[in-house]
Amino acid sequence: MNRELPKTLGLGDVFCIAVGAMVSAGIFLLPGTAFSHVGPAVVISYLVGGLVATCGILAVLELATAMPRTGGIYYFATRSLGPLAGTMSGLLNWAALALKGAFAIWGTARIANAFLPIVPAPVFGVGLTVAFLAVNLLSTAAAAKLEQALVWTLLAIMALYVALGARFTSLSAFSPPLAPGRSWADVVFEAGFIFVSFGGLLGVVSVAEEVKDPRRNIPLGILLGLAVTTVFYGLVMTVTVGAIPAAQLVDSSAPLADAARAHYGRPGFALLTFGALLAFVTTGNAGLMGAARYPVALARDGYAPVLFARAYGRRAIPVPALLLTGAVVAVSQFLDIETLVTVASTVVMLSYVLTNLSVVILRESGVMNYRPSFRTPLYPALPVACMLLFALLIAKQGDKSLAVAGALTIASVLLYMRYGLRRKRESALRQLVGRLVRPDFEEPALEAELREVVRIRDGLVEDSFDRAVADAPAIVLQGETALRDFFGAAAQAAAPATGLPAAELRERLVARERAAATVIAPGVAVPHLVLPEKRGLFLVVLAKSETGVSFGGGEEADSPEEPVRTAVFLFASEDRRSDHLRALAMVAQTIMARSFERRWDQARTPQQLRDIFLLARRTRG
């Protein structure tokens, strides 16, 4: 069955999944290779990598808080750029996370093989994959609890390594800072090589649907995880570069463990080897957990076999998607892992390009129900700069990596042609293009889908006012409008539901306004009528005037007040007077929101007017 996945992940889970997905081979295996490329300045490369990852993740956080759904980058790309881009993004990100997890398991298997050579390393890798798969099949919560325990232990070991290793760190090891023939530009570009160290962040976003209070926990958990990881990377690299000779560091496949052994003997080596194992285990577990959510999202939308959309049991575990991902990770234990990791790094950076482009398209499209709780700062300069930066770093990865990424892209196009070519999917890009032809062009299915996403994200419970608004006539009036004409348009919309002539309703509204003004805030009025001859009637009519209507106690009066652009007409029978009074309070709460005026100005269609009230953060009962 296609079911909503349960919300079981809190702030601590998000933080630990983020850290666990990042801290692994990038710091326990790659430092020697990275050092050989640029020299001691590799410390700066890791810090630059953290800054670049932060630039990229800001757009991801905006999209994730607006659309916390399983599938992460795939879901965002589909709704913003269209189904083909979404399918490509889904398959590429699934491969990236699966291969990053496979690399971590590969590292774990090599350590195990060193202690027990009789068992081939790939066999260890397959066994570990099966173990992680079993944990994830129990539940996402169980996998997350394991992740928390492993991550906190890992951070404690790294902190101990930094604290004890600082006394052996020699500043002379950093002079000269650059390897022969290298420049500071090479130090910056090296951030692209080690960027796989930060790639696991996408795994957190892919489980966004299962995060409690995603408005707060997703951005806070990921940014905290990224900050802590970047700081630890910088400190650990500083100690490692300064604690062992350069020649030994270049040749080391386990530089942290070698540094610990050089100064603390076998106990130090054992502790850091254990830390490496924890790092690989957390990344392998997080990679499997996050990657499995992409087939779920693809299948939900009909771009992959429907089997992968199914979740089973009381905890709604996506069993087919987990099994598929586990199989890929297991097979990867027999492949050239270095090439696959380089491809994963490239694909992650491509994903960041897509997400920044998605933010630009969604903001410019005018999709009203795109409501992120976190917004990318310095828009649009920062998203554009991020896209250019990632494109530059991708170009430096080499032809082989780009060729493999291209092959995955072709595979995703074939997948789309097989399953998705006949399916229509509304997108923000289509709406942006449509608005160039007609300003009020709207993709109603996209707005409806995002309306439901926001409702679930914010835990909005439908009440009687919501039900009235959902069925409310809504009108948008262009040009100059007199008060009588404004009331006449509302009366015309209300006449069928009330059973009264539109002309009579208009005159009653005019008389009611002359008796007592209904303006409740600058630019906002709530004209209302109690209809004693009716029973069981409660009707809302929403009206927007683009230029504003002068109320001022009557159509003939001169009014110094701000013209009314927002009007909520209420029509109720005597027995529904309580709904009438409650609606007045609900309208007042809604218009007090800081974003109300901006959203009302942007609204172009009747449904967009309704959605402003339906998705308002107000008291419900």
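Restricting Val236, Val228 to those that are in contact (Cβ under 8 Å) with a residue 40 or more places away in the chain and farther than 21 Å from Ser170 by Cα reduces the list to Val228. Is at least one residue of region 172-186 more than 22 Å from Ser345 (Cβ to Cβ), free of Cβ contacts under 8 Å to residues at least 60 places away in the same chain and part of a helix (DSSP H, G or I)? The answer is yes; a qualifying residue exists. The listed residues are Leu432, Leu483, and the only one of them that is closer than 21 Å to Gln608 by Cβ and in contact with an Asp or Glu (Cβ under 9 Å, 6 or more places away or on another chain) turns out to be Leu432.
Of the residues Thr70, Thr33, the single one that is over 20 Å from Val353 (Cβ atoms), assigned by TED's automatic domain parsing to the domain that holds Ala179 and out of contact with any Ser or Thr (no Cβ under 8 Å at 6 or more places or on another chain) is Thr33. The number of residues in region 246-286 being of a type in the set (A, V, I, L, M) and either more than 30 Å from Val135 (Cα to Cα) or not assigned by TED's automatic domain parsing to the domain that holds Leu160 (or both) comes to 7.
Quick check on my filter: what residues within region 343-379 are over 18 Å from the mean Cα position of the chain (by Cα), farther than 27 Å from Ala448 by Cβ and surrounded by fewer than 22 Cβ atoms within 10 Å (Cβ to Cβ)? Leu378, the sole residue that qualifies.
A count restricted to region 566-584 and to residues that are over 9 Å from Ala543 (Cβ atoms) and touching a residue at least 12 places away in the same chain (Cβ under 8 Å) stands at 13. Scanning region 122-140 turns up no residue that is over 29 Å from the mean Cα position of the chain (by Cα), assigned by TED's automatic domain parsing to the domain that holds Ala21 and in a loop (DSSP other than H, G, I, E, B).
If only residues of region 563-621 that are over 23 Å from Ser365 (Cβ atoms), hydroxyl-bearing (Ser, Thr, Tyr) and in the same structural domain as Ala525 (by TED's automatic domain parsing) are counted, the one that is surrounded by the most Cβ atoms within 10 Å (Cβ to Cβ) is Thr566.
The residues of region 340-382 that are farther than 12 Å from Ser80 by Cβ, in a helix (DSSP H, G or I) and not hydrophobic (A, V, I, L, M, F, W, C), listed by number, are Thr342, Ser345, Thr346, Ser351, Tyr352.
Residue by residue, here is whether (1) farther than 29 Å from Trp106 by Cβ; (2) at pLDDT 85 or above; (3) assigned to a helix (DSSP H, G or I) holds:
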residue	(1), (2), (3)
Glu4	yes, no, no
Phe15	no, yes, yes
Gly26	no, no, yes
His37	no, yes, yes
Ser45	no, yes, yes
Leu63	yes, yes, yes
Thr70	no, no, no
Arg79	yes, yes, yes
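Restricting region 497-527 to residues that are part of a strand (DSSP E or B) and out of contact with any Ser or Thr (no Cβ under 7 Å at 6 or more places or on another chain) leaves a set whose member that is surrounded by the most Cβ atoms within 10 Å (Cβ to Cβ) is Val519. Applying the criterion of being buried (at least 18 other Cβ atoms within 10 Å of the Cβ) and of a type outside the set (A, V, I, L, M) to the residues of region 311-321, the residue that is modelled with the highest pLDDT is Pro320.
The values are calculated or read from the model by the stated rules, or taken from the named source; none is laboratory data. Only a predicted model underlies this, so the values are computations on that prediction, with no experimental measurement involved. We place every Cβ from the backbone using ideal geometry, glycine too, and count neighbours over all the protein chains shown.
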